[in-house]
1. Of all residues being within 14 Å of C:S154 (Cβ to Cβ) and open to solvent by 10 Å² or more (accessible area, probe 1.4 Å) in the stretch C:205-226, which is modelled with the lowest pLDDT? Just the residue, please.
2. For the stretch A:10-28, what are the residues that are over 18 Å from A:F157 (Cα atoms) and surrounded by 13 or more Cβ atoms within 10 Å (Cβ to Cβ)?
3. Restricting attention to the stretch C:117-129, report how many residues are among the small types (G, A, S) and open to solvent by 90 Å² or more (accessible area, probe 1.4 Å).
4. I'm trying to understand the selection: among the residues of the stretch B:198-243, which are part of a loop (DSSP other than H, G, I, E, B), under 19 Å from B:A28 (Cβ atoms) and touching a residue at least 40 places away in the same chain (Cβ under 8 Å)?
5. Filter the stretch C:67-91 for residues that are in contact (Cβ under 8 Å) with a residue 40 or more places away in the chain and within 25 Å of A:G59 (Cα to Cα) and give the result.
6. Working carefully through the options B:L81, B:L104, B:L152, B:L127, find the one that is crowded, with 19+ Cβ neighbours inside 10 Å and more than 12 Å from chain A (Cβ to nearest Cβ).
7. Which of the numbered conditions does C:S222 fail, given that it passes all the others? Conditions: (1) more than 10 Å from chain A (Cβ to nearest Cβ); (2) over 12 Å from the mean Cα position of the chain (by Cα); (3) within 23 Å of C:S59 (Cβ to Cβ).
Amino acid sequence: MRTIPFFLICLVIGGIAFAAALTLGNDYYFFAGYVVLQYVVLSTAWNILGGYCGYVNFGTGAFFALGAYSTVTIYTLIDTNAFPHVVPIPVLMLVGGAVSAVVGLGMGYLTLRLRGAFFAIATLAMAVVLETLVVNWDFVGGSRGAFIIRPETIAPFGSYIRYLFLIMLLLAVASLTIARLIERSRLGYGLATIRDDEFAAEAAGVPTLRLKLIATTISGALMGMAGAPFPYYIGYLQPQPTFALDYAVNAIAMPLIGGTSTWVGPLIGALLLGSLQQIIIVTISSAVNLLLVGALLVAFVILAPNGIVGLAHKYLQHKDDDFVGRRRTGLEAPAPQVESSPTSEAPS
Amino acid sequence: MSELLEVDNLGKRFGGFVALENISLSVAAGERLGLIGPNGSGKSTLVNCICGTLRNEQGSVRFDGRQIDRLPAHRRTHLGLARSFQLPRPFVSMSLIENVRIPLLYTVEARGTRHAAEQIEERCHGLLREVGLEAKARRRPSDLTQVEMRKLELARAVAAEPKLLIADEAMAGLTHSEIEDILALLVRLNEQGVTVILIEHIMSAVMSFSRRLVVLVSGRKIADGQPEDVMRDPEVERAYLGQ
Amino acid sequence: MIFSFDLLSNAIISGILIGGFYAAVTSGLSLSFGILDIVNLAHPAFIILGSYAAYVANSKFGIDPIVAAIIVLPAFYALGAAVYQIYYVAFEKRGQESLRGLAFFFGLLFITEVSLVLYFGVDYRDVSAAYIGPTWHLGDVDLPLRLLTPCLVSLALIACLQLVLTRTFVGRAIMAVAQDQLALRLMAVNPVRIKRIAFAISIATASLAGAFLIIIQPVEPSVGRDYIGRIFAICVLGGMGSLPGTVIAAILIGVIESLTATFYGPSWAPAVSFGFLLLTLAVRPAGLLGR
């Protein structure tokens with residue numbers, strides 16, 4: 001299927017979901033649906049770097065928060081009582097996306113020359129440090145948090161949450177389309193060679209550092225864009241919950257549970273896990289909910305490394321297709337030495 | 001004939017271990033060079049330094065008239081330097097045809113030649129046919145035997161349309177007739193103008209292929225010249241028979 | 001901020017003391033990440049688990065936290081062995097350690113933290129012992145025993161570890177496992193067993209490090225996260241797997257954090273280790289003492 005028809009079909013499905021939620025006549029479904037859609041974006045974005053390229057980003061929360069705090073910064077700078085909400089949310093999303101993209105690019109430039117583990121550690125540590133910065137930055141509310149007064153209604157959508165829901169729906173559809181486009185493009189092939197074997201990729205002429213940076217930037221931008229409308233959704237933005245590991249763990253768990261090698265996996269993972277969490281938060285508690293996500297993540301990576309999509313393949317297809325995104329096996333070579341050169345390897 | 005590859009006074013160490021010491025080597029365009037030496041003599045390290053998988057600390061590498069030893073590996077591949085890995089490193093999540101398509105997409109296109117999709121497809125099939133893997137074009141590397149993986153490794157290196165091909169032990173474990181096939185392929189490439197460096201333990205293959213022979217022992221070059229002369233060199237005899 | 005000599009010397013001394021504690025916190029990671037190349041992101045979670053073990057022993061039975069840590073050490077060793085076994089079977093053997101192995105440890109970190117929250121809540125917990133409170137004064141310099149005791153015990157722990165690694169057969173085999181698995185097999189030593197022992201030791205150190213932590217500061221389940229950037233920074237800076245390097249790097253980070261906290265405010269301290277981590281990775285990934 002070509003990209004444009006795919007995009008349109010996704011839009012139609014999204015439109016049907018929106019219409020269905022409208023007929024239920026309760027804005028709760030939009031509040032819950034917004035969160036699920038937000039996770040579709042975050043897990044799809046994570047998967048562009050993690051699933052396609054094999055580099056683990058633990059900083060989803062930080063990239064998301066960068067988007068959210070970009071919005072708070074603009075809101076505090078520009079919006080006054082006389083002109084409330086002059087900056088439309090799509091513009092805020094572009095700004096938030098740009099900020100996240102630049103931070104992703106910078107982080108990537110410093111750490112992506114090295115092994116994936118170092119990138120992973122750096123992203124995890126970055127989340128802690130960005131939180132420190134925000135906590136110390138009074139302009140955006142510091143540790144007290146920041147209020148954003150959400151308008152009650154917006155024409156022609158009616159209640160504001162419907163508008164936010166639609167925006168997130170569009171972003172989710174756009175993310176899926178981008179992910180699918182990358183997957184089938186020359187870039188996607190290049191990313192897959194990096195995931196399979198970086199040395200062989202370089203030898204085949206793949207500019208690995210550049211492709212990793214492109215993937216990090218796209219992935220970071222989408223996460224930032226997902227974060228930008230969040231202050232409007234939540235109304236009161238606090239640093240601690242915004243930077244919490246919840247986003248990071250969900251953004252990793254959803255693709256790994258769904259399956260990392262195609263755009264379908266993160267979508268399935270986000271829809272299933274996202275909806276399940278909405279139910280658990282309402283019926284049990286949010287701590288139990290996080291415990292469940294962690295437990296599911298560990299169970300899936302141990303028992304079903306290729307996720308739900310991998311399991312489905314196993315049932316539906318013949319044997320030689322049952323591996324989706326299988327990795328290089330064997331420990332024949334000693335672990336590569338860490339050297340200051342971008343590509344380093346123990347002598348073979 | 002002009003010099004295609006010039007390695008000048010190259011040195012590489014790992015911690016306190018000197019892997020290569022003062023290696024100088026020039027290879028002219030169109031040559032068929034055999035590189036031999038006992039295990040651990042530094043052959044693969046030399047290949048890794050030439051191709052950019054490792055960085056040399058000392059000396060320089062020039063290729064096709066430019067200094068390349070600060071370029072990343074993929075840039076060297078774009079310039080026309082291709083290698084196969086001693087331990088095959090296929091892209092395991094891709095089919096064989098996709099494996100050989102990567103250099104076409106990333107190296108051949110980077111040089112400015114754009115091919116239509118059908119042409120690329122045709123070329124990929126041709127490459128697999130040359131190494132006898134066309135029947136398995138849609139399979140994954142995990143379905144291959146070690147020997148077939150070596151062939152795939154070679155096909156992927158050839159796919160980059162190199163000026164200089166370095167075949168790092170492409171023939172280990174192959175049967176006599178398979179060795180003949182690979183040798184014929186290498187000779188054919190050489191006749192089309194590709195310079196070939198063959199690193200090999202199978203002496204009959206090296207002797208029948210090479211027009212010139214270089215011997216490395218303990219990170220140093222101890223002989224360089226006509227194969228027959230080199231094999232009669234007392235130092236080479238000592239290195240090989242003395243082990 | 002008034003700049004005075006006492007303030008400076010006290011900041012440096014407490015930095016050194018804290019650094020000694022950081023060395024204990026990082027020593028386990030130097031074993032697992034530095035030597036075995038297992039990216040154990042969950043290490044801080046095991047340390048917090050150690051803190052809570054010390055807390056329970058101290059508050060329920062009145063046992064000294066360090067003694068309590070030594071008592072539960074075998075349990076941590078067994079836990080480490082079990083975690084390694086799962087990691088080996090599920091990831092190392094399949095060659096999937098880079099993506100899914102990382103996710104596994106991240107999941108463990110998360111599960112441990114959330115379980116502690118569910119059981120103990122998010123309140124800060126602390127312990128009581130004779131050395132918590134008093135401070136020795138040497139001229140203008142204060143030596144709080146609360147910091148001095150963990151620092152000294154921690155240095156003793158690292159000295160023991162270093163002795164084990166360099167003087168015993170198992171220790172030498174651990175050092176060799178990263179270098180040359182083939183040689184180990186030729187000596188009829190099973191590398192998997194050696195790695196399991198090494199990983200178990202690395203988790204066992206977390207029991208002591210956890211006790212030190214709760215002596216130094218009150219602990220709640222998410223405190224461990226602040227240590228992720230810090231201990232990986234120290235491990236990388238110390239040259240990955242060298243215990244003397246770890247001690248030097250730990251003291252360096254401790255002093256710089258302490259100076260930052262004294263002169264710019266404690267909330268900036270976490271940024272220090274992150275800055276160091278990025279800088280080290282970008283400029284000198286082999287670490288300070290690296291080859």
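The values are calculated or read from the model by the stated rules, or taken from the named source; none is laboratory data. For clarity, every value in this text was computed on a predicted model and none was experimentally measured. All Cβ positions, glycine included, derive from the backbone under ideal geometry; neighbour counts span all protein chains shown. Please note that ligands, DNA and RNA were not included when accessible areas were found on the heavy atoms of the full protein model with its side chains. Shrake-Rupley method; radii C 1.70, N 1.55, O 1.52, S 1.80 Å.
1. Applying the filter and picking the extreme gives C:I216.
2. Within the stretch A:10-28, A:C10 is the sole residue that qualifies.
3. So the answer is 0.
4. B:S210, B:R211
5. Answer for the stretch C:67-91, where residues must be in contact (Cβ under 8 Å) with a residue 40 or more places away in the chain and within 25 Å of A:G59 (Cα to Cα): C:V83, C:Y87.
6. Values: B:L81 fails: more than 12 Å from chain A (Cβ to nearest Cβ); B:L104 fails: more than 12 Å from chain A (Cβ to nearest Cβ); B:L152 fails: more than 12 Å from chain A (Cβ to nearest Cβ).
Only one candidate qualifies: B:L127.
7. (1)
Residue-wise test of (1) under 27 Å from C:F199 (Cβ atoms); (2) free of Cβ contacts under 8 Å to residues at least 60 places away in the same chain.
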{"position": "C:L17", "(1), (2)": "no, no"}
{"position": "C:A23", "(1), (2)": "yes, no"}
{"position": "C:H43", "(1), (2)": "yes, no"}
{"position": "C:G50", "(1), (2)": "yes, no"}
{"position": "C:A54", "(1), (2)": "yes, no"}
{"position": "C:G62", "(1), (2)": "no, yes"}
